[in-house]
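Quick notes on the structure that follows.
Laboratory data are not the source of any read-out in this text; all were calculated from the coordinates shown. Since the model is a prediction, treat every value here as computed from it, not as a measurement. Neighbour counts are summed over all protein chains in view; Cβ atoms, including those assigned to glycine, are modelled from backbone coordinates with ideal geometry.
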Amino acid sequence: MGSGIAITIARSGIPVTLFDPAESALERSRQLISDFFNTAVAKGKMTPEDAQSAISAVSYVSAISELKNVNVVVEAIFEDLGVKHEFLNAFLANAAPDTLVLTNTSTLSITEIAAGCARPAQVVGAHYCLPAPLMKLVEMSRGLQTSDEAWQAAWRFQEATGQLPIETKDRPGFILNHFCIPYHNDVIRMIESDIAAPEEIDRAMKSALGFAMGPCELIDLIGLDTQLRASEAFFAVTNDPRHAPPPLLRRMVAAGQLGRKTKGGFYNYSKDAIFGG
Ligand SMILES: NC(=O)c1ccc[n+]([C@@H]2O[C@H](COP(=O)([O-])OP(=O)(O)OC[C@H]3O[C@@H](n4cnc5c(N)ncnc54)[C@H](O)[C@@H]3O)[C@@H](O)[C@H]2O)c1
């Protein structure tokens, strides 16, 4: 998710520093980002010069101390409140006083993320859609302590980077995941109950409902580990059984079948790119 968000910012001409403590994740991001822009050139959607300047706008660091001159941080760590707090507080300890904090959570409360941070008034929810470089929608929400200044600055940031912000309340799942998390869990339970194979479910949903992607294709793109973490976080708040992770999801994650990121989930993937171009 972080790589896709970095693309939306870099192509607007804004320099991006991509931080991840895992060198392997940084290497993967570097590859995804350069593949995205090179594919855009090959498809005639960008000039080689524009693509090169967007690629050069992104730098990669694996230590928080290397995050310097940051006006806006877009946090896209996996769905774990404690890990998000730990990063944000370590970052804010040396950040400029007016640094804006956008958090890309799918299910956690913006108010709770903000409340555990040193500067809660500057935290705004910004839930991007996957794949971020192709999907303009960003669901924006305020925490109880978010200031009007931070809210307006976050809105302007989305518009400046060509995204389409829409306002939602600070509720688990916002708009999209209110539907998508239980829908995806229902589909996984259908597969587990042997009602239909992934290919058949996808074909049915695309053909009958006009969806661009079938649910199994979409879960593979989102990542089964992300679906698992989001379901756990969502269920913990709502106690709705449809939000609880199905056993098959847990088994596939345990087996490392995470979807496109591991080249296999409900489908097998060879060398096709995640974002297209
Ligand atoms: N995948 C989606 O479809 C999707 C869509 C919208 C929002 N989100 C949200 O985006 C966030 C990230 O999801 P994802 O699917 O990209 O997860 P992911 O597990 O694929 O990636 C998370 C990244 O965070 C890195 N990380 C771990 N600890 C860190 C730390 N302390 N500081 C910085 N980075 C750290 C990991 O190395 C990893 O590269 C989650 O909150 C998720 O709910 C995901």
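Counting charges near residue 61 (Lys, Arg +1; Asp, Glu -1) among other residues having Cβ under 11 Å from its Cβ returns a value of -2. Please identify which residues in segment 22-45 have an amide N closer than 18 Å to a label point set 7 Å out from the Cα of residue 65, following the Cα→Cβ vector. Residues passing the 18 Å test: 22-23. Taking every DSSP beta bridge that has both ends in the chain, the antiparallel portion is near 30%.
When +1 charges are put on Lys and Arg Cβ atoms and -1 charges on Asp and Glu Cβ atoms, the dipole computed for segment 2-167 relative to its Cα centre reaches about 360 debye. Taken as Cα centroids, segment 7-41 and segment 184-217 sit 31 Å apart, rounded to the nearest whole angstrom. Listed values for segment 245-252 are Karplus-derived 3J(HN,Hα) couplings in whole Hz (6.51 cos²θ - 1.76 cosθ + 1.60, θ = phi - 60°), namely x, x, x, 4, 4, 4, 5, 5, and x replaces Gly and Pro. Take a quick pass over the chain and tell me how many lysine pairs come in under 30 angstrom between Cα atoms, counting only ones 8 or more apart or on separate chains. Lysine pairs satisfying the spacing and distance rule in the chain number 28.
Taking amide H as placed 1.01 Å from N in the peptide plane, the amide H of residue 170 sits under 5 Å from that of 142, each at least 5 places away or on another chain. For residue 200 and residue 144, the FRET efficiency from 1/(1 + (r/R0)^6), where r spans their Cβ atoms and R0 equals 35 Å, is about 0.20.
Of interest is the spacing of the C-alpha centroids, which for segment 224-242 and segment 103-129 amounts to 18 Å.
Spin-label model, residue 118 to residue 169: label points 7 Å out along the Cα-to-beta-carbon direction sit 3.3 nm apart. Given their separation in residues at 0.36 nm each and the Cα-Cα distance between them, residue 28 and residue 159 gain 44.4 nm when the chain is fully extended. For the chain, a simple Cβ point-charge model (Lys and Arg +1, Asp and Glu -1, everything else neutral) yields a dipole of about 300 debye relative to the Cα centre. In order along segment 201-209, the Karplus-derived 3J(HN,Hα) couplings, from 6.51 cos²θ - 1.76 cosθ + 1.60 at θ = phi - 60°, round to 5, 4, 4, 5, 5, 6, 6, 7, 10 Hz, and Gly and Pro are given as x.
Taking the number of Cβ atoms within 10 Å of each Cβ as an exposure proxy, the fewest-first ranking of 186, 35 is 186, 35. For a test of the definition: using alpha carbon positions, the gyration tensor, and the 1.5 limit on a/c, classify segment 166-277 as rounded, prolate or oblate. In terms of gyration-tensor shape, rounded. If the segment from residue 17 to residue 232 were pulled out straight at 0.36 nm per residue, it would be longer than the present Cα-Cα gap by 74.4 nm. Just so you know, the Rg over Rh for the chain is 0.96, from Cα atoms, with Rh as the Kirkwood radius.
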